[in-house]
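Just below is one structure, and these are the notes that go with it.
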Amino acid sequence: MTLLYLVRHGETYDNARQILQGQIQGELNETGLAQAIQVRDQMAEAPLDVVVASDLHRSVQTAEIIAQPHHLPVVTTPLLRERDWGDLTGKFIPDLEHAVFPDNVEPLPALLKRAGSFLDFLRTNYPEKHVLAVGHGIVNKAIQAVLLGKTMREVVRMTNGEVRVFNI
């Protein structure tokens, strides 16, 4: 069984400004850097075999900080990318409360399928390993929904820099 430490990237400038980032790269702000350092220190003694991250900069940046004491490279995968928000990307989140999703927003079934593919990727490539994976708020929620057999609404969204542990 693979042990998964699922992490949400540290806070970005756009998180702080309530901007819907989706699949834009993003950059950790001071709070986000501190969150990544806190997770690094928290996980310093964990027996990690591999560190995986979304290929978006904000996750890679977080993963590289966490991986430092383990001297592990960061493996990136687009399977861990945040949900593609299409034309909603870059919008002020509070303005989207009653927004109708445009056709170019990644459909929820596609996101859940991608989350399942990520879990399959881990099971295939890292059986019996301890894996730390840095993703994003919504994709991490989808991974947990698939893993736990729950709906997206039943999974509490992770905060920036939060770690949750699962056997997969």
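The values are calculated or read from the model by the stated rules, or taken from the named source; none is laboratory data. Fair warning: this is a prediction, and the values are worked out from it, not measured in the lab. Every residue, glycine among them, receives a Cβ derived from its backbone with ideal geometry; neighbour counts consider all protein chains shown.
Residues that are within 18 Å of L3 (Cα to Cα), among the β-branched types (V, I, T) and outside any helix (DSSP H, G or I) within the stretch 127-156 comprise V131, V134, listed in sequence order. As a summary of the residue check, R114 satisfies the conditions (1) over 24 Å from T2 (Cα atoms); (2) surrounded by 19 or more Cβ atoms within 10 Å (Cβ to Cβ) except for the one numbered (1). Only one entry in D49, D41 is touching a residue at least 60 places away in the same chain (Cβ under 8 Å) and acidic (D, E), namely D49. The lone criterion from (1) in contact with a Phe, Trp or Tyr (Cβ under 6 Å, 6 or more places away or on another chain); (2) buried (at least 21 other Cβ atoms within 10 Å of the Cβ) left unmet by W85 is number (1).
The residues of the stretch 144-168 that are crowded, with 16+ Cβ neighbours inside 10 Å, over 21 Å from I65 (Cα atoms) and touching a Lys or Arg at 6+ places or on another chain (Cβ under 8 Å), listed by number, are Q144, M152, V155, I168.
When restricted to residues that are loosely packed, with under 15 Cβ neighbours inside 10 Å and of a type in the set (S, T, Y), the stretch 117-138 contains 2. Listed conditions (1) surrounded by 17 or more Cβ atoms within 10 Å (Cβ to Cβ); (2) more than 15 Å from Q23 (Cβ to Cβ); (3) in contact (Cβ under 8 Å) with a residue 24 or more places away in the chain are all met by K141, apart from (3). When the stretch 138-156 is limited to residues that are over 13 Å from the mean Cα position of the chain (by Cα) and hydrophobic (A, V, I, L, M, F, W, C), the one that is farthest from L122 (Cα to Cα) turns out to be V156. Filtering the stretch 52-64 to residues that are surrounded by fewer than 22 Cβ atoms within 10 Å (Cβ to Cβ) and among the β-branched types (V, I, T) leaves only V60. Scanning the stretch 7-50 for residues that are within 19 Å of H130 (Cβ to Cβ), crowded, with 24+ Cβ neighbours inside 10 Å and out of contact with any Gly (no Cβ under 7 Å at 6 or more places or on another chain) yields one hit, V7. Answer yes if at least one residue in the stretch 37-45 is within 18 Å of L4 (Cα to Cα), of a type in the set (K, R) and modelled with pLDDT of 95 or more, and no otherwise. Yes, there is a match, as at least one residue in the stretch 37-45 is within 18 Å of L4 (Cα to Cα), of a type in the set (K, R) and modelled with pLDDT of 95 or more. Cβ separations smaller than 7 Å between residues 6+ apart or across chains give the following pairs from the stretch 111-132 residues that are under 17 Å from S54 (Cβ atoms) to residues that are surrounded by fewer than 20 Cβ atoms within 10 Å (Cβ to Cβ) and charged (D, E, K, R): Y126/D49; V131/D49.
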